[in-house]
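In what follows, a single structure is set out as structure tokens and then discussed.
No value in this document is a laboratory result; all are computed from the given coordinates. Not measured: the values here are computed from a predicted model. We place every Cβ from the backbone using ideal geometry, glycine too, and count neighbours over all the protein chains shown.
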Amino acid sequence: MKTFRNSFAAVLAVIMLFTCTFAANAVSKEVWDSNWTAKQEDINAAVVMTPGADETQRVISWYSDSDNGKVVLYDILGADHIFNAGATATPDGDYRLSATVTDLLPGREYSYICKSGDWESDTYTFTTIDDAAFTAVYMTDIHVSFDKTPENSVRDTAYNLDLVLETAVNKAASKGSTLDLVLSAGDQASDGLREEYVGVTANKYLKEIPMAFCIGNHDRKSADYNYFHVAKPNTIDMGLKSYTGTDYAFVKGNVLFLMIDTNNTSMAGHREFIQNAVNTYPDTKWRVAVFHHDLYSGRIESRESENAFLRLMWAPVADEFGFDLCLTGHSHYYTISNVMYNNKTVAPVENGGKITDPAGTVYMVSGSINNPRTDADGLSKNIGHAVLTEEKIYNLIDFSANSIVINSYTVESDECIGSLTIEKTSNAGGHSYSSPMSWLNKVIDVISAIACIVNNIGRYYDYTQLGFDIPLFDGLLGK
Ligand SMILES: [Fe+2]
Ligand SMILES: [Fe+2]
């Protein structure tokens, strides 16, 4: 009888578990799918919140038939503040509107509505941070995809992003924190199409948590990224540049985030941009670079010559400017490097470990949201921790005055697959702010500029074939 009771209980538990799991996901996807049709106009507006120059600002953007729009911001007392939007004409005959809301106070809750023509958005709410401590979620290679087969690929790949964001918000809440920033290291869209960016922004989270994008190689397959992500803080005229994307920077808490377009190979402009950002914010304790191309994992053998070229260009920059952490993507494989200086391991990194005042940079790659890979070639000797999984991965990063704490999780099995703490006891920590390779800069400038021009000729051809009206010399020869 006891055996029967145990067996019955076990079967019941399995049924309940299956039912609960299935029901939780099915309802959520069902609602997502019905909203996709019912709220098509709002989804197509693609409202998104991105960072301003610092925590006193947010940038809010949306598509509109009208070139005249505004954001109405409400403070905690209900007083309204109007911020007029700038308008950029898109190739589709409408406009991308962007308004920068300013003078935000620390630790305050605000709400806002976007208005243009006869349309107005739902009301969204956000909160500013009040000191150096905040939590970001880092993910990469979201790959929302516009693919006619299956028919609803944008809707379905966009749902996976919503699921990851929801899971990350809940995980942060279970640890007593809120998500204050989303960091995305490129390839948000598989073909760089407007429809795909509409999918990226179809969730509510990216209207209330600022999302910092950088451009990936897939994002530049079309020129639509330029019209989607228009207003970026702390840009400079970099001379040679990509037709799509550019470097930009912002400060949050005690961190200078450098969002870099590694599709643009021309290094002279990148160094000028980084020098300018560092001069503008000299006192931030942490320097975190976010760029698309993976340098160190060694997971894809056929890309090793491209990676070697990128290391030659970027390792001296990370050394010279003392990057603490580089968050990257492209390979779709989760890896955390050792502490790297002069293209070599200078200190090992172990899963669960803590490094204090590292004399170099840690490079991280997260897995892809929609296209995780497990068929890896090998692993570089410079990698301290690596995981192969078919699951979606997100990383919660707690930034504070003295530490960066990274915890990586899988979505489906809710496992913590990696963690690392980086501590600094002074602004410099262990960085020497010098590169043994800097004598190479002039040579690299010439080679990388030629590579940039060759790339841009290819891009110019691709974009004109796609019907974009791109000026030949815009980006080809620079300033
Ligand atoms: Fe990718
Ligand atoms: Fe990529």
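Of everything in region 238-255, what is under 19 Å from the mean Cα position of the chain (by Cα) and either in a loop (DSSP other than H, G, I, E, B) or of a type in the set (Ser, Thr, Tyr) (or both)? Give them in sequence order.
Within region 238-255, SER242, THR244, GLY245, THR246, ASP247, TYR248, GLY253, ASN254 qualify.
Which strands (runs of 3 or more DSSP E) sit wholly inside region 120-206 and have at least 1 residues that are within 16 Å of ligand 2 (Cβ to nearest atom)?
It comes to 134-139, 181-184.
Based on what the data block shows, is PRO316 assigned to a loop (DSSP other than H, G, I, E, B), crowded, with 20+ Cβ neighbours inside 10 Å, in contact (Cβ under 8 Å) with a residue 12 or more places away in the chain and not hydroxyl-bearing (Ser, Thr, Tyr)?
no
Assuming ASN226 fulfils every condition listed in (1) within 16 Å of ligand 2 (Cβ to nearest atom); (2) without any contact (Cβ under 8 Å) to a residue 60 or more places away in the chain apart from one, which condition is it?
Exception for ASN226: condition (1).
Can you report the number of residues in region 43-83 which are of a type in the set (Val, Ile, Thr), touching a Lys or Arg at 6+ places or on another chain (Cβ under 7 Å) and surrounded by 20 or more Cβ atoms within 10 Å (Cβ to Cβ)?
Selection size over region 43-83: 2.
Hey, could you check region 210-239 for residues that are among the charged types (D, E, K, R) and surrounded by 24 or more Cβ atoms within 10 Å (Cβ to Cβ) and say which is farthest from GLN188 (Cα to Cα)?
ASP224
Say whether the condition of being in contact with a helix residue (DSSP H, G or I) (Cβ under 7 Å, 6 or more places away or on another chain), within 16 Å of ligand 1 (Cβ to nearest atom) and not aromatic (Phe, Trp, Tyr) is met by at least one residue in region 163-176.
Among the residues of region 163-176, not one is in contact with a helix residue (DSSP H, G or I) (Cβ under 7 Å, 6 or more places away or on another chain), within 16 Å of ligand 1 (Cβ to nearest atom) and not aromatic (Phe, Trp, Tyr), which makes the answer no.
For region 287-311, give me each residue that is more than 19 Å from MET437 (Cβ to Cβ), within 16 Å of ligand 1 (Cβ to nearest atom) and touching a Leu at 6+ places or on another chain (Cβ under 6 Å).
VAL290
Looking at (1) assigned to a strand (DSSP E or B); (2) in contact with a Ser or Thr (Cβ under 7 Å, 6 or more places away or on another chain); (3) within 16 Å of ligand 1 (Cβ to nearest atom), which is the one condition that is false for LEU327?
Of everything listed in (1) assigned to a strand (DSSP E or B); (2) in contact with a Ser or Thr (Cβ under 7 Å, 6 or more places away or on another chain); (3) within 16 Å of ligand 1 (Cβ to nearest atom), LEU327 misses just condition (2).
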